[in-house]
Amino acid sequence: MYGLDELADVYIETTATGKFTTLVRSSLSCRLLHIPLQRAQNQTERKELAALRNMIFEGDYQMPEACQVEVDGVRWEPRAGTFTVYRDWNGEITYRRCDVFRQQVATF
């Protein structure tokens with residue numbers, strides 16, 4: 001899909017360590033989109049929105065909800081329940097989307 005100009009590596013939790021170190025997909029074409037800060041009512045909400053992104057990615061990949069993605073050396077975690085599939089007029093999946101939030105603590 002046009003516009004997916006970033007690459008993500010997708011990691012799931014390693015059972016033995018509890019850390020997200022098991023690589024399940026590399027070089028997933030994606031794009032991280034900023035959420036407009038004008039939606040925030042106060043400084044706390046602005047800070048929370050600044051740590052969120054909308055992630056759009058290849059339609060043929062069904063990302064697990066319990067994972068972390070790494071884009072340009074930064075880890076992001078998808079927010080469960082935000083996964084969406086977008087289809088074209090023929091019903092074919094064109095891309096997928098989910099909300100991700102930045103990981104501040106090393107969980108990998």
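Bear in mind these aren't lab numbers, they're just calculated from the coordinates by the rules spelled out. Keep in mind it's a predicted model, so treat the numbers as computed, not measured. Cβ: placed from backbone, ideal geometry, glycine included. Neighbour counts: every protein chain shown.
Structure above, values below:
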quantity	calculated
Test for Y61: is it surrounded by 14 or more Cβ atoms within 10 Å (Cβ to Cβ) and closer than 15 Å to L4 by Cα	yes
Residue match in region 54-68 (condition: over 19 Å from S27 (Cα atoms) and among the aromatic types (F, W, Y))	no
Strands (runs of 3 or more DSSP E) within region 1-101 that include 1 or more residues over 13 Å from the mean Cα position of the chain (by Cα)	6-13, 20-34, 84-87
Condition broken by V24, with the remaining ones in (1) in contact with a Pro (Cβ under 8 Å, 6 or more places away or on another chain); (2) farther than 22 Å from T84 by Cβ satisfied	(2)
Among residues of region 76-103, those that are over 23 Å from P36 (Cβ atoms) and in contact (Cβ under 8 Å) with a residue 40 or more places away in the chain, counted	1
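Yes or no, residue by residue, for (1) in contact with a His (Cβ under 6 Å, 6 or more places away or on another chain); (2) surrounded by 13 or more Cβ atoms within 10 Å (Cβ to Cβ); (3) closer than 15 Å to F101 by Cα:
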residue: T22; (1), (2), (3): no, yes, no
residue: L32; (1), (2), (3): no, yes, yes
residue: P36; (1), (2), (3): no, no, yes
residue: L49; (1), (2), (3): no, yes, yes
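Per-residue answers, yes or no, for (1) among the hydroxyl-bearing types (S, T, Y); (2) touching a His at 6+ places or on another chain (Cβ under 8 Å):
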| residue | (1), (2) |
| --- | --- |
| R53 | no, yes |
| F57 | no, no |
| C67 | no, no |
| V71 | no, no |
| W76 | no, no |
| G81 | no, no |
| D88 | no, no |
| T94 | yes, no |
